[in-house]
Amino acid sequence: MAKEEHLPLFETKKAKGRVLFRIFAASIFAGICLIWVYRVSHIPKAGEDGRFAWIGLLGAEIWFGFYWLLTQASRWNPVYRHTFKDRLSQRYENELPGVDIFVCTADASIEPPMMVMNTVLSVMAYEYPPEKLSVYLSDDGGSEITYYALMEAAEFAKHWIPYCKKYNVEPRSPAAYFVSKHADDAVEDNHQAKDFVVIKKLYKYMENKIKNAVKLGQVSDEVRSKHKGFSQWDSYSSQRDHDTILQIVIDGRDPINATDNEGCALPTLVYLAREKRPQYHHNFKAGAMNALIRVSSNISNGKLLLNVDCDMYSNNSLAIRDTLCFLMDEEKGHEIAFVQFPQNFKNLTKNELYASLRVLNEVEAHGVDAYGGPLYVGTGCFHRRDTLCGRKFSKDSKSDMKWDNRKREELGIHELEENTKCLASCTFEENTQWGKEMGLKYGCPVEDIITGLSIHCRGWKSVYCNPAREAFLGLAPATLPHILVQHKRWSEGNFHIFLSKYSPAWYAHGKIRLGHQLGYLRYSLWASNCLATLVYSTLPSLYLLRGTSLFPQMSSPWLIPFAYVIIGKYTWSFVEFLWCDGTILGWWNEQRIWLYQRTSSYLFAFIDTILFSIGYTNSAFVITAKVADEDVSKRYEKEIMEFGASSPMLTILATLALLNLCCFAGFVLEEAISGSKGIAKAYETMSLQVLLCGVLILINLPLYQGLYLRKDKGKMPSSVAYKSMVIAVFSCEEEHLPLFETKRAKGIVLYRLFAASVFAGICLILVYRVSHVPKAGADGRFGWIGLLGAEIWFGFYWLLTQASRWNPVYRHTFKDRLSQRYENELPGVDIFVCTADPTIEPPMMVINTVLSVMAYDYPPEKLSVYLSDDGGSEITYYALLEAVEFAKHWIPYCQKYNVEFWWVLGRCSGALLNERRSYDIWDE
């Protein structure tokens, strides 16, 4: 018996294949290092075409390599947890702690009351002693319709909860349950079939009443007169200006009234709309959570807290028992502060049109769990009450999670409500540690992440629990703009943390393990990916259009690391996604949304966070819409991307898509005109750029369809199409880079100081000469005056010479740009060679000059050479005729072998032959 009591309540297993993965990851990192070496060692020289793009790609590749290292921290050592709920029941069934559940809603127009009520009913029906369960609904919108819906849900709960427990149904959200079941297959016997019909009718009755109130926009006077709780709205002014509204809808302490239709106890149910005043900042969801923590401590004071978003209903009625297996384990339970469940969604399409958190939930969270626990993500998380209120971890003291049987002071329900309201007032937190060391932290859009980090830094661990049956299911956004806004909020909040004093880079240093720290940084730097992604999705395509190669040639050995990293990384990503039960098209959609998020959501998050940090903007909390209209839902089910209204994010996405399409089309057209020779050259030098641009076009196909092919309401707005087209075409226009550059000489300032000092010396010399002229008749007077005149002249002439030294410049030409831009438009060139006397200027010397200019690297049909012979010598003319015959062989030889003799006479045949003889290589 003693041995049974000490069996663990959960087990931890390490993932298989870790060694193989680590070897593969090391090889990828080696490839990344070789790419860095290639970029650094092959940077174009100053002034060469493509230098700017090359440096930009180098910066992007350094960032991608660094961020890839961060992602490996969450894959290096993943662990998987398994709980033993039977052992928990055998050991602690009568000592299970009280559980307070917080459901948060903020706006009844965006978060429909029926959806909220389904979440409330699902958590009320947990497989847990109802007398130890309390559910709190925080309504930051202060809507009387939401309160009315909660009263109706409380009445329905008297039938729903016993039905769930009697037939052990899953899920316990009524809406989700009825959708997943039909009357003919939902039951196993006639008795259950009758109960099913009855409970569904009761649900429809409740649903119709709530929806009618929503349509009317108010609660009827008849209903208001029957319930005194509505009197609290008499002083209501607006969502941002009202008193605390607190109603205990079901008092779990009342054994007579708080019972279901079978006489069993019901959980406590409380409605709270905290006080709001325009002059007080309400701190969004973090403020609502902290008010719930205080209010619940005065009503039920459960030792275990669960918070869920209003759309995240319970899908597993045993989730509380899973959690307690971790927290009540005798050996390791005292180290655990919170248990985080994955954030899953019920409305994802088969191929996850807008991606999902699949890889994060199935791979990355398990990896971070190995270092000290997952991040707190704000929903689906169970906390110890004392740790959320600021308690530090200590090995010597253990937090007892067992049920407290001590009797609390019994107050009447109305007295308890009045005594508790002050805990949700605007002024309660003044001069306290709430929002700092107690409760959820303030000052950040993602208060959950920063709160979890502070708990970990106080020495606590957390646990990631991912049971076979998902614990919670929510609603994912059904339109592209909504998903982009959601990720903007997440990435902006995480980047805000990185730039704050709570940054994992320094605040967590030395307080948590390095792997844990890297796991936090991986999410804190989401937004920073925007710059590198923008560089890689624009510059290679733009320079493809210009014909400038930015990657190794096909015959170069440097192509190997690029090919290995690209193929290896994406093959592993593909296999990993399929291992997580994803589909092939799902992986492709994941890559698309990855690109869209980084080039729009993350970009705006990065900019807004920087502006906020320097005081130009204020942070705001944007609620993601939880429902879509019927047309949008139908297109979503068919996996047709929904673009909706115009937005800057859509403009950026459309512009990038059209930019790549224009660059690719321009490149293909130019190569088609140049023929097979041009195509062969493009294959050798531009293959990786062509591949990258082609992939970007394929990944943007839904955008092209939305811009030009679709006619439904979900297409891309016309204004976005026009703006993006103009910007893309303008960007694709070849930039008029100069054909030459002018640089000033270095050391000009130093030279001018030196020249000024010399001029000062000259002036002193002149002063000396003038002030010391010998008197009339003195010896040497004539010589002195002569030197004075000479020194004045030398000084004046020295000043003239400084004009050519005062501001020297040096020119450098870009012949490659000239060829790219004007090769077919080069002008005709006439060259004049002048001679006067064949006896002084030998004809062979003259002819070598003529041959050198005839062999210029220039279209010969545009070149003319004129020999002016002022001596009128027939010998010179004869020499010219011979030169013409020789030129028929000399010019093609020069062009074939690109001969040059730079340091004497250029392409001068005599100079070249003399040079070749000097090295005895003429026979070659």
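Some notes on this structure:
- Within the chain: Cβ-based charge dipole about Cα centre, in debye rounded to nearest 20 (Lys, Arg +1; Asp, Glu -1): 1680 debye
- Label-point separation in nm, His6 to Tyr858, each point 7 Å along Cα→Cβ: 9.8 nm
- The trypsin sites (Lys or Arg not before Pro) of the stretch 331-374 meeting both criteria, a DSSP state outside H, G, I, E and B (loop) and at most 12 other C-beta atoms within 10 angstrom of the site's C-beta, are Lys350.
- Counting only alpha carbon atoms, the long axis of helix 190-216 and the longest principal axis of the chain meet at about 60°.
- Tilt relative to the chain, helix 529-546 - C-alpha long axis, 0 to 90 degrees, to 10: 40 degrees
- Farthest toward positive dipole pole in the stretch 38-197 [+1 Lys/Arg, -1 Asp/Glu at C-beta], among Asn168, Phe66, Val116: Phe66
- Annotation for Lys181 and Thr839: the two label points, set 7 Å from Cα along the Cα-Cβ direction, are 12.5 nm apart.
- Placing +1 on the Cβ of every Lys and Arg and -1 on the Cβ of every Asp and Glu, with nothing else charged, gives the stretch 468-513 a dipole about its Cα centre of roughly 200 debye.
- Estimated [θ] at 222 nm from DSSP helical runs (n ≥ 4, -39500 (n - 2.57)) normalised by residues in the chain, nearest 500: -16000 deg cm²/dmol
- Cα-based shape type of the stretch 122-183, given that a ≥ b ≥ c are square roots of the gyration tensor eigenvalues and the cut on a/c is 1.5: oblate
- Take every pair of alpha-carbon atoms less than 8 Å apart whose residues are at least six positions apart; their mean separation over the length of the stretch 268-409 yields a relative contact order of 34 percent.
- Cα-based shape type of the stretch 1-149, given that a ≥ b ≥ c are square roots of the gyration tensor eigenvalues and the cut on a/c is 1.5: oblate
- For the chain, the residue among Ser138, His812, Ser537 whose Cα projects farthest onto the positive side of the dipole built from Cβ charges is Ser138.
- Computed with a 1.4 Å probe over protein heavy atoms only, the accessible surface of the stretch 1-130 comes to 45 Å² per residue.
- 0 to 90° range, to nearest 10: angle between helix 781-802 axis and the chain longest Cα axis: 50 degrees
- Heavy atoms of the protein chains alone define the surface here; on that basis the stretch 501-659 has 45 Å² accessible area per residue at 1.4 Å probe size.
- The GluC sites (Glu not before Pro) found in the stretch 264-361 that occupy coil by DSSP, while having at most 12 further C-beta atoms within 10 Å, are Glu331.
- Rounded if a/c under 1.5, otherwise prolate or oblate - the chain, Cα gyration tensor axes: prolate
- Dipole-positive endmost among Leu661, Ser220, Phe612 within the chain (Cβ charges, Cα centre): Phe612
- Virtual spin-label span in nm between Leu514 and Gln433, 7 Å along Cα→Cβ: 3.3 nm
- Low-density loop positions, GluC sites (Glu not before Pro), the stretch 58-137 - DSSP coil, at most 16 other Cβ in 10 Å: Glu127
- For the peptides 492-498, 777-783, the ranking by packing is 492-498, 777-783, with the highest mean count of neighbouring Cβ atoms within 10 Å listed first.
- Of all accessible heavy-atom area on the stretch 11-149, the percent that carbon and sulfur account for (1.4 Å): 63 percent
- Efficiency of FRET between Asp581 and Leu698 - r from beta-carbon atoms, R0 22 angstrom, step 0.05: 0.35
- Accessible area of the stretch 392-506 belonging to carbon and sulfur atoms, whole % at 1.4 Å probe: 51 percent
- Volume of the Cα convex hull of the stretch 702-795, divided per residue and given in Å³: 189 Å³
- What you get for the stretch 347-501, charging only the Cβ of Lys and Arg (+1) and of Asp and Glu (-1), is a dipole of about 460 debye around the Cα centre.
- Over 21 Å (Cα to Cα) - which of Lys165/Lys332; Lys181/Lys204; Lys166/Lys194 fall in this group: Lys165/Lys332
- Here the peptides 45-56, 373-384, 679-690 are ranked by packing, the mean other Cβ count within 10 Å, and the order with the highest first is 373-384, 679-690, 45-56.
- Peptides 857-870, 795-808 ranked from most to least packed, by the mean per-residue count of other Cβ atoms within 10 Å: 857-870, 795-808.
The values are calculated or read from the model by the stated rules, or taken from the named source; none is laboratory data. The model shown is predicted, which means the values in this text are computed figures rather than measured ones. Every residue, glycine as well, gets a Cβ built from its backbone with ideal geometry; the counts of neighbours run over all protein chains shown. Calculation scope for accessible area: heavy atoms of the full protein, side chains included, ligands and nucleic acids excluded. Shrake-Rupley method; radii C 1.70, N 1.55, O 1.52, S 1.80 Å.
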